[in-house]
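Colleague: One structure, as structure tokens, below. Some questions next.
Coordinate-derived values only; no laboratory data. It should be emphasised that the depicted structure is a prediction, and the values quoted were computed from it without experimental measurement. Cβ placement follows ideal geometry from the backbone for every residue including glycine, while neighbour counts extend to all protein chains displayed.
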Amino acid sequence: MHTKRNYQLSTISDTLMKQDAETPYLEDSDRGEQNLHNQILAGDYEVATFGAGSFWRAEAIFRQVAGVLGTAVGYIGGTVEFPTYQQVSTGKTGHVEAVQVVFDPEIVSYEKLLELFWELHNPTAPKGDNEKLSSQYRSMIFYHNEKQRRIAAESKRHQQDSGYFKRDIITEIAPATRFYRANEYYQQYFEKADFGGKLIK
């Protein structure tokens, strides 16, 4: 029996109910999405939110994981309400391009998702100005509850101590704020573009 995780509705509703960040109203969701939404609030499933560079590739990789039930790409952590892709791309809104993942913890753990998060992007400090990463692509873990915060902090320490990364990990761990779902053009973009193949070794 899972305990209720007390998610703030604003941190997940845009993902599951197809609220478009560029169109500030809720569209009617289909029955499957509504059921998924209800099971998250009931504590059956969990939500994880990661900023790991370009959200297209990150989403495509997480969608390959057994136990991941749904994903969405969008924007989080900024100061502008209902930002557009173009606004976020300027790096001036404070948002991060992020992927939000709904998963069944009985099939895949939060720890396993974090292992993939570290693998799919470079979370370290840049070598110099020529490697400086645009602010919307910065490495971030947005936690939805205290348990996720503790697990994420321990995972970061483990990665830094492992010696795998040669420079300091600069990933920020922060509480999840409102997640603005990007419009449908950007959802599952790699699948729509038919990139195919395995995205990570």
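Colleague: Please list 3J(HN,Hα) in residue order for the range 135-148, calculated via the Karplus relation 6.51 cos²θ - 1.76 cosθ + 1.60 where θ = phi - 60°; whole Hz, with x for glycine and proline.
Modeller: 4, 6, 9, 5, 7, 8, 10, 9, 8, 9, 7, 5, 4, 4
Colleague: With θ set to phi - 60° and the Karplus curve 6.51 cos²θ - 1.76 cosθ + 1.60, what are the ³J(HN,Hα) couplings of the range 99-108 in order, to the nearest whole Hz, using x for Gly and Pro?
Modeller: Computed from phi, the couplings for the range 99-108 are 10, 10, 10, 9, 9, 9, x, 7, 10, 9 Hz.
Colleague: Taking θ as phi - 60°, what are the ³J(HN,Hα) couplings along the range 167-179 by the Karplus curve (6.51, -1.76, 1.60), each to the nearest whole Hz, with x for Gly and Pro?
Modeller: Computed from phi, the couplings for the range 167-179 are 10, 5, 6, 10, 4, 8, 10, 9, x, 5, 10, 5, 9 Hz.
Colleague: At a Förster radius of 30 Å, what calculated FRET efficiency corresponds to the Cβ-Cβ distance of SER162 and PHE190, to the nearest 0.05? Intermediate results must be reported in sequence, preceding the final value.
Modeller: Numbers: r = 29 Å, r/R0 = 0.97.
The calculated FRET efficiency here is 0.55.
Colleague: For TYR45, which sequence-distant residues (separation of 5 or more, or a different chain) have an amide H within less than 5 Å of its own amide H, given hydrogens modelled in the peptide plane?
Modeller: ILE40
Colleague: Residue separation times 0.36 nm, minus the C-alpha to C-alpha distance between LYS112 and THR177: what's the value?
Modeller: 21.1 nm
Colleague: Which far-off residues, 5 or more places away or on another chain, put their amide H under 5 Å from the one on THR124, with H placed in the peptide plane?
Modeller: Amide H to amide H, under 5 Å and 5 or more residues apart or across chains, THR124 pairs with ILE170.
Colleague: Here's a follow-up. Would you mind calculating the gained length between LEU69 and ASN122 on full extension (0.36 nm times residue separation, minus the Cα-Cα distance), in nm to one decimal?
Modeller: Values: separation 53, 0.36 × 53 = 19.08 nm, distance 2.55 nm.
Length gained between LEU69 and ASN122: 16.5 nm.
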